[in-house]
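**Q** Next up is a structure, given as structure tokens.
The values are calculated or read from the model by the stated rules, or taken from the named source; none is laboratory data. Values in this document were obtained by computation on a predicted structure and should not be read as measured data. For neighbour counting, all protein chains shown are included, and Cβ atoms are generated from backbone atoms with ideal geometry for every residue, glycine included. Note: areas computed on protein heavy atoms with side chains; ligands, DNA, RNA excluded. Shrake-Rupley method; radii C 1.70, N 1.55, O 1.52, S 1.80 Å.
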Number of protein chains: 2
Amino acid sequence: MEKKGCALGTHRVLEPKGVLPQPATKIDNSMEIYDNEIRINVETLNVDSASFTQIKEQAGGDVEKIKEIMKGIVAERGKHQNPVTGSGGMLIGTVEKIGQALKGKVELKEGDKIATLVSLSLTPLVIDEIHEVRIDIDQVDITGKAILFESGIYAVLPEDLPQNLALSVLDVAGAPAQTAKLVQPGHRVVVIGGAGKSGMLCLHEAKKRAGVTGQVICLGHSEKSLQRPEGLGLADEYIAVDATDALAVRDRIAEATNGEMADVVINCVNVNNTEMASILAAKSDGLVYFFSMATNFTKAALGAEGVGQDTTMIIGNGYTKGHAEISMEILRENPPLKKVYQELYS
Amino acid sequence: MEKKGCALGTHRVLEPKGVLPQPATKIDNSMEIYDNEIRINVETLNVDSASFTQIKEQAGGDVEKIKEIMKGIVAERGKHQNPVTGSGGMLIGTVEKIGQALKGKVELKEGDKIATLVSLSLTPLVIDEIHEVRIDIDQVDITGKAILFESGIYAVLPEDLPQNLALSVLDVAGAPAQTAKLVQPGHRVVVIGGAGKSGMLCLHEAKKRAGVTGQVICLGHSEKSLQRPEGLGLADEYIAVDATDALAVRDRIAEATNGEMADVVINCVNVNNTEMASILAAKSDGLVYFFSMATNFTKAALGAEGVGQDTTMIIGNGYTKGHAEISMEILRENPPLKKVYQELYS
Ligand SMILES: NC(=O)c1ccc[n+]([C@@H]2O[C@H](COP(=O)([O-])OP(=O)(O)OC[C@H]3O[C@@H](n4cnc5c(N)ncnc54)[C@H](OP(=O)(O)O)[C@@H]3O)[C@@H](O)[C@H]2O)c1
Ligand SMILES: NC(=O)c1ccc[n+]([C@@H]2O[C@H](COP(=O)([O-])OP(=O)(O)OC[C@H]3O[C@@H](n4cnc5c(N)ncnc54)[C@H](OP(=O)(O)O)[C@@H]3O)[C@@H](O)[C@H]2O)c1
């Protein structure tokens, strides 16, 4: 008889008591399932970009040290939640066992290959062995197991797309899906970090939604990385500027928009201190969508007030309805983009 | 001849170079003005609630220690930005000098009594002496001077309202003004921290906007503090529960709404770890407005994803158009509320 579990997974929380699995500092990662859980044979972890950057830095780029740090995190917390960034990532694997209470209620069967769309920062995980660290694409192949709670979201991997590609895209699926919802015809849109993984997907959606009467500006750090979106024709304008330099960003966007500034700014960078650039790139009553996990709440809130801007600022929820479908569809709609993602991330 | 200054005050930034005054760790607080600045004779500082709570704790409640800590912050940074919370507050004072480039361009004259609506976390400040610490209302009377940048917002203090009252209300004016914009007729609204300074103003606006077909729920920590909004009839429902206990909040709101949950949740607390309660109090596609400066970006972003909720989460910008007028108007519309504020905060 399996034990009865809470939909949110609170039955796994060890420390501190009474919180949810995400804010918990330690959760129970024993692999016997509760009646509403799914156990997964894990193949690959896709570590959140902000988290992996931090781990790589801490390890000085050494692969064995990266493995050690990752195993240490899981041993300590029962989940792969980076103690510095607070963030996780996601995984792919095969459904090994479905709890009694869920059978027939979920469209899954044992043996299905799925990606979990819920953060690793709350997912009970055991790493038996780390096989390969694909250091440039934040992916790590392991032997291990994980638990998906009843409230946890997942996607069965599409058969027409390579699995590592699907995983890379699903990890950032919230960003293009939100872009699709926020951008209106005629909007001027700035995507900060537009040459990155989430950034290019956002550019595709922004251009589709803003249409011919709109303007889509891709802002990246280096001329070199901007060649990617430029080669794909994802934006109307490409600007290389350091997004931590708020004043430079303001000036460059003013120039590109004849001083109008942006209706919508999508922040997809993986570094600190880009809140102010995002705010100043937008119109006084514009909207900023912070997908970047490196966003600091206080800096954004006080930053906008400090310059007297009536900016609407949205916290990038990793989940929005239909986000897996929307992101997969982008790859089908845009074969050249799919090709670039395939080369870069799988 | 006064020197030419930047509208955003970047000419005052000492460390690190090239950032704006708010993220700067040190700004120039010399009191000679640039041509687009306004110098103010400061009377009272209204320290941000999260910041003052931290200072009081660090001082163990000792008034002399509080003074020392506050003077230390200003000596170190050239502005009253709490190094732990990152937040500031606001001030009232008298316009002493208006820069050449601003004269005639602003509706201000020397001698006007104003409140700055821009955070102390970016305002050049000098404290000559601290006279009185009003420990229960986060206000501190000083002799000192401050600088307002060209982009800085302010309000001339209304003549029909006592000045300390106006100051208290203006400090949190963004919250009720945003509530007014977000709440629609028929909405179910939860105000977390509804018995507090910003909370009661939000309740007033929420009830006005949600109307008879809506439902406004006031959530507070203690039965005792809930007596205040209850005595004023500000909400339809009053619930005493610890907002750091996400599951208890979810259950109590489910009970009060027949399992429907809230369309809009306004978070006005001054403590950490209430992100999850806010998310779970809302419908899956509901909206959470985080006015609390104790909000953690990552906890909110990953928290919503973790429970599979498509929540729209807004970062509480302290400024929104007309916020001073909206908040002052509440006091005129609701004389019993005005009386309570007068007793509590002035
Ligand atoms: N909200 C959520 O649920 C969620 C989920 C997943 C990921 N995320 C977050 O989303 C962010 C982006 O992820 P990603 O996978 O798209 O990252 P990514 O592929 O590494 O892209 C980051 C981009 O930011 C650019 N960038 C870095 N520093 C910059 C600077 N100073 N100025 C301008 N651009 C700069 C990089 O440009 P160069 O290539 O020129 O260096 C790069 O193109 C991360 O912070 C991640 O944590 C959030
Ligand atoms: N975004 C901005 O620009 C901006 C500007 C100003 C202020 N703020 C922020 O707004 C927040 C509220 O400010 P305020 O002046 O309204 O503060 P306040 O008057 O101190 O009110 C805080 C309220 O939170 C309640 N509370 C505290 N802990 C709680 C818990 N565990 N569970 C439930 N309720 C709890 C308190 O209830 P009890 O009375 O029962 O203890 C109190 O009513 C602060 O975080 C402040 O930093 C933001």
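**Q** When the Cα centres of the range A:271-311 and the range B:192-221 are compared, how far apart do they sit, in Å?
**A** 27
**Q** Now for a different question. Let me check against my output: what whole-number percent is the relative contact order of the range A:1-150, with C-alpha pairs under 8 Å and at least 6 apart?
**A** 32
**Q** Distance from the Cα centre of the range A:142-167 to that of the range B:1-61, in angstrom?
**A** One Cα centre to the other: 49 Å.
**Q** For a quick check of understanding: with a 1.4 angstrom probe and all protein chains in place, what accessible area in square angstrom does A:Met200 have, to the nearest ten?
**A** 0
**Q** What share of the DSSP beta bridges in chain A is antiparallel, in percent to the nearest 5?
**A** 60
**Q** For the range A:10-157, what does the accessible surface come to per residue with a 1.4 Å probe? Please give it in Å².
**A** 38
**Q** Let me ask something additional. Under the definition of partner shielding as Cβ atoms of other protein chains within 10 Å of a residue Cβ, what is the mean value for peptide A:114-122?
**A** Across A:114-122, the average partner-chain Cβ count within 10 Å equals 3.
**Q** What accessible area per residue, rounded to a whole number of Å², is obtained for the range B:175-284 using a probe radius of 1.4 Å?
**A** That works out to 36 Å² per residue.
**Q** Given axes a ≥ b ≥ c from the Cα gyration tensor, I'd like to know whether the range B:212-302 is rounded (a/c under 1.5), prolate (a/b larger than b/c) or oblate.
**A** oblate
**Q** Sticking with this structure for a sec: Relative contact order, percent, of the range A:174-345 when contacts are C-alpha pairs under 8 Å separated by at least 6 residues?
**A** Taking the mean separation of contacting Cα pairs over the length of the range A:174-345, I get 21 percent.
**Q** Would you list the membrane-span-like helices of chain B, meaning whole DSSP H runs whose alpha-carbon atoms span at least 18 Å along their axis and whose mean Kyte-Doolittle value is at least -1.0?
**A** Qualifying helices, which must be both long enough and hydrophobic enough, are B:63-77, B:197-210.
**Q** Sticking with this one: Tell me the net charge near B:Lys56. Cut-off is 14 Å between Cβ atoms, B:Lys56 excluded, with +1 for each Lys or Arg and -1 for each Asp or Glu.
**A** With Lys, Arg at +1 and Asp, Glu at -1, the neighbours total -4.
**Q** List the GluC sites (Glu not before Pro) in the range B:212-275 that DSSP assigns to loop (not H, G, I, E or B) and whose Cβ has at most 16 other Cβ atoms within 10 Å. Which are they?
**A** Within the range B:212-275, the qualifying GluC sites (Glu not before Pro) (loop, at most 16 other Cβ atoms within 10 Å) are B:Glu260.
**Q** Can you give the local net charge around A:Lys197? Use residues other than it whose beta-carbon is closer than 12 angstrom to its beta-carbon, Lys and Arg +1, Asp and Glu -1.
**A** -3
**Q** Now for a separate question. Explain nothing, just the number: relative contact order of chain B, from Cα pairs under 8 Å at least 6 residues apart, as a whole percent.
**A** Dividing the mean separation by the residue count of chain B yields 14 percent.
**Q** Further question: Summing -39500 (n - 2.57) over the DSSP H runs of n ≥ 4 in the protein assembly as shown and dividing by its residue number, what mean residue ellipticity at 222 nm do you reach, to the nearest 500 deg cm²/dmol?
**A** -10000 deg cm²/dmol
**Q** What average number of partner chain Cβ atoms lie no more than 10 Å from the Cβ of the residues making up A:26-34?
**A** Mean inter-chain Cβ contacts per residue within 10 Å come to 0.
**Q** For B:Ala101, what charge total do you get from the other residues with a beta carbon under 11 Å from its beta carbon, if Lys and Arg give +1 and Asp and Glu give -1?
**A** Within the 11 Å Cβ shell, the charges total 0.
**Q** Another one. What three numbers, in Å, describe the spread of the alpha carbons of the range A:174-345 along their principal axes, ordered from the longest?
**A** 43, 32, 30
**Q** Could you check which residue among B:Arg252, B:Arg77, B:Arg39 shows the biggest mean-square fluctuation in a GNM of chain B with a 10 Å Cα cutoff?
**A** Of the options given, B:Arg252 has the highest mean-square fluctuation.
**Q** Given a 1.4 Å probe and no ligands, DNA or RNA in the count, how much accessible surface is buried by A and B, both sides, to the nearest 100 Å²?
**A** 4200
**Q** Of the listed pairs A:Lys321/B:Lys224; A:Lys4/A:Lys67; A:Lys208/A:Lys283, which have alpha-carbon separations greater than 30 Å here?
**A** A:Lys321/B:Lys224; A:Lys4/A:Lys67
**Q** First compute the accessible area of chain B with a 1.4 Å probe, then give the percent of it belonging to carbon and sulfur atoms.
**A** On chain B, the fraction of accessible area on carbon and sulfur atoms equals 48 percent.
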